[in-house]
Structures are given as C-alpha cells and as structure tokens.
1. If I compute solvent accessible area with a 1.4 Å probe over the protein chains, what percent of it on segment B:1-70 is carbon and sulfur?
2. In the Gaussian network model of chain B, springs joining C-alpha atoms below 10 Å, which of B:82, B:58, B:94 carries the largest mean-square fluctuation?
3. Please give the FRET efficiency for residue B:52 paired with residue A:70, using the beta carbon to beta carbon distance and R0 = 45 Å, rounded to the nearest 0.05.
4. Running Debye on the protein assembly as shown with equal point scatterers at the Cα sites and no solvent, what base-10 log of I(q)/I(0) appears at q = 0.09 Å⁻¹?
5. I need the per residue convex hull volume for chain A, using only the alpha carbons, in cubic angstrom as a whole number.
6. Sequence neighbours fewer than 8 away in the same chain don't count; with that in mind, list the lysines whose C-alpha is under 20 Å from residue B:24.
7. Per Stokes-Einstein, at 37 °C and 0.692 mPa s, what whole-number D in µm² s⁻¹ belongs to segment B:1-101, with the Kirkwood radius over Cα pairs as the hydrodynamic radius?
8. Once the Cβ-Cβ distance between residue B:74 and residue A:109 is put in as r, and R0 is 35 Å, what FRET efficiency do you end up with, to the nearest 0.05?
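The values are calculated or read from the model by the stated rules, or taken from the named source; none is laboratory data. Note that the structure is predicted; figures quoted are calculated from it, not measured. In this analysis, Cβ positions are derived from the backbone assuming ideal geometry, glycine residues included, and neighbour counts consider all displayed protein chains. When the accessible area is computed, the model is the full protein with side chains, heavy atoms only, and any ligands, DNA or RNA have been set aside. Shrake-Rupley method; radii C 1.70, N 1.55, O 1.52, S 1.80 Å.
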Amino acid sequence: QKEVEQDPGPLSVPEGAIVSLNCTYSNSAFQYFMWYRQYSRKGPELLMYTYSSGNKEDGRFTAQVDKSSKYISLFIRDSQPSDSATYLCAIPPPGNNRKLIWGLGTSLAVNP
Amino acid sequence: DAGVIQSPRHEVTEMGQEVTLRCKPISGHDYLFWYRQTMMRGLELLIYFNNNVPIDDSGMPEDRFSAKMPNASFSTLKIQPSEPRDSAVYFCASSSFLGDYEQYFGPGTRLTVT
C-alpha cells in the first residue's frame with residue numbers, strides 16, 4: 001500500500017459546481033497536510049495546508065482532515081474555469097527532514 | 001526574487017547523449033530538491049540537498065543519474081548516458097528551514113530522449 005493515495009481522475013465539472021478532491025494516507029503519525037495546485041506546463045504551487053485535524057477555509061477553498069479515517073479533502077466552491085489544474089496532496093513524514101510524500105494528483109477541468 | 005530558475009526549459013536529445021539540467025534556487029533557501037514527473041508515476045523525489053550537502057539520494061534511479069550542488073546558488077542534474085525512459089519533466093524546488101514545509105518549484109525542464 002502506498003503511503004498516500006490519490007485518484008488521478010480526470011474530473012470534469014460545469015462552472016459553479018462544488019468540487020471535492022481527496023487523498024487517503026496510511027501513517028497515523030502524519031500531522032501536516034498540504035494541497036498544491038499545478039497548472040499545465042508549470043511547477044506545483046502551495047494552495048493550502050492544515051495541521052492535525054479539522055477544517056481550514058481560504059476564500060472558495062476548504063481543506064479538511066479526518067484523522068480517524070486517514071482521509072484529507074479539498075473542497076472548491078463555485079468552481080471557475082481558472083480552477084482547471086492538477087491538484088496534488090503532499091504530506092511531510094515524521095522526523096527532522098524536509099521531504100514530502102506526494103499523491104499522484106487529480107486532474108480537474110471546469111467547463112464554462 | 002525571481003523564484004527558482006531552471007534551464008533549459010526544453011531539451012531534446014538522442015539516446016546515449018549526456019544531458020545536464022541546471023537549477024538556481026531562491027536566494028537564502030537552504031534546501032534544494034530534484035524531482036521527476038511522469039503521468040504514470042507522478043512526482044518522484046530524486047535527491048535533495050541541505051546546505052549544499054546531499055541528504056537523501058535514494059530516489060536516483062541508477063548510476064546514470066548524478067547531481068551536484070557546488071554552491072548555495074547552483075545545482076546540476078546530469079544523466080549519462082540518456083535513455084528514452086528518462087523522458088519526463090524534471091523539476092527543481094527549494095525551501096527554507098525557517099519556514100514551514102513549503103517547497104517552491106521552478107518551471108521545469110521537459111526532457112525528450114529519442
């Protein structure tokens with residue numbers, strides 16, 4: 001079992017839809033959870049992060065962690081064509097290093 | 001700051017040739033990461049440096065791959081000899097120990113080996 005699993009999609013939704021992107025992880029010691037967004041032919045950029053459990057909201061984006069289920073989610077409200085990108089979850093493993101364990105990424109297309 | 005700079009942006013080469021990818025991290029960052037991205041395998045960490053010293057090269061696929069960081073503002077990833085299966089997008093990223101875990105990525109080098 002991979003440490004972080006993410007359905008690669010692709011996911012196609014109409015403009016204005018609510019989008020749910022998800023990752024599962026296997027190590028209960030993980031504490032810090034990140035979402036990166038990658039536009040076509042660009043490098044990934046950090047979108048949001050959460051620490052431990054609960055929700056974090058930033059505009060139309062909400063990151064949610066369910067540690068009991070080892071499940072993290074990114075919700076996008078009122079999705080826009082400009083949200084079309086690949087979304088990757090990333091988790092730093094415990095320990096004093098700066099590595100990240102990456103999901104495969106989910107490709108999202110928001111259609112006008 | 002200009003962000004992480006990578007060159008070249010595109011590289012097309014023939015099998016067996018040597019390829020050198022270059023990276024300039026963000027000034028002041030003390031971690032540098034080299035990644036490879038493909039559709040099938042996603043983003044794979046090849047090697048990372050801390051203060052110019054290689055810390056973990058367990059992701060380097062084989063001896064054909066080597067990476068150096070001679071100073072805080074420059075790193076290279078070399079493939080010799082190159083093979084068609086090395087075709088991928090190679091990213092360099094940097095981060096600061098003073099910050100959180102955020103890594104800042106360059107625009108990538110798209111490598112095609114024919």
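1. Working: 1880 of 3930 Å².
Roughly 48 percent, rounded to a whole number.
2. Comparing B:82, B:58, B:94 in the GNM, the peak value goes to B:58.
3. Details: r = 36 Å, r/R0 = 0.81.
Computed FRET efficiency for residue B:52 and residue A:70: 0.80.
4. Log10 of I(q)/I(0), two decimals: -0.38.
5. Values: hull volume 11.0 nm³, N = 112.
Considering the Cα atoms of chain A, their hull volume per residue is 98 Å³.
6. Leaving aside lysines fewer than 8 places away in the same chain, those within reach of residue B:24 are A:42, A:99, B:68, B:78.
7. Numbers: Rh = 13.9 Å.
In µm²/s, the coefficient rounds to 235.
8. Details: r = 38 Å, r/R0 = 1.08.
For R0 = 35 Å, the calculated efficiency reads 0.40.
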